[in-house]
Amino acid sequence: MRIGYERDRLEDMSEEPTQNPSENPDPDEPQTHLETVLHEGQADEAMAGQVIATFLSEEVFFLSREQVTEETDNVQPLLLQNKEGDPVIALFTHVNRIPEAYTAEAPYAVRVVGAAVIDNLNGAGVVLNPGHQLGFEIPAEGVDAIRRDFAPDGSPAPEAPAEGAAEAAADNESTPEA
């Protein structure tokens, strides 16, 4: 997949624009705008669309076993399995959220906008901040629904034609909520 990104080896990422390095934040408190919206959304189901829209427009990190450069044609993010055994890409809102066990397996963090991940992902779901309370999991079917229902900037997608709307309605009946 070819996406716009910045890449860094995790050990070189000592300073991030989302946090003042001199601060020692509470690990349970939101550290980014996305985490703040997610935290609010966990208390209010009506904010689910806003959480997804924010995810699509904010930067996240995925991990790679190999260094990613501008010439890299096929990026291979670290793939995990959820409880059902389905593949999910691990994403993180901040490098402070990446467990050391993952960095031992895939030491390169690739910074990308959430929409780029969704647009380029097929056959896998995503898990944001795995193991942390400020996270979520979206199965592959949910990724497909996000592509259908949201524009890459996080705004609602234009209405589907009548035929597509019927198919979408049928899909929604069997698709688990994201």
> Among (1) more than 24 Å from A157 (Cβ to Cβ); (2) surrounded by 14 or more Cβ atoms within 10 Å (Cβ to Cβ), which single condition is G41 missing?
Replying inline: (1)
>> Among the residues in the range 40-52, are any closer than 16 Å to N129 by Cβ and part of a loop (DSSP other than H, G, I, E, B)?
In response: no
> Of all the residues that make up the range 1-38, how many are under 30 Å from A157 (Cα atoms), among the hydrophobic types (A, V, I, L, M, F, W, C) and modelled with pLDDT under 85?
Replying inline: 2
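Of the residues that sit in the range 85-125 and are charged (D, E, K, R) and in contact (Cβ under 8 Å) with a residue 24 or more places away in the chain, which one is nearest to D149 (Cα to Cα)?
Among those residues, the one meeting the criterion is D119.
The values are calculated or read from the model by the stated rules, or taken from the named source; none is laboratory data. This one's a predicted model, so the numbers in the text were calculated from it and none came from an experiment. So basically every Cβ, Gly included, is an ideal-geometry build from the backbone, and we count neighbours across all protein chains shown.
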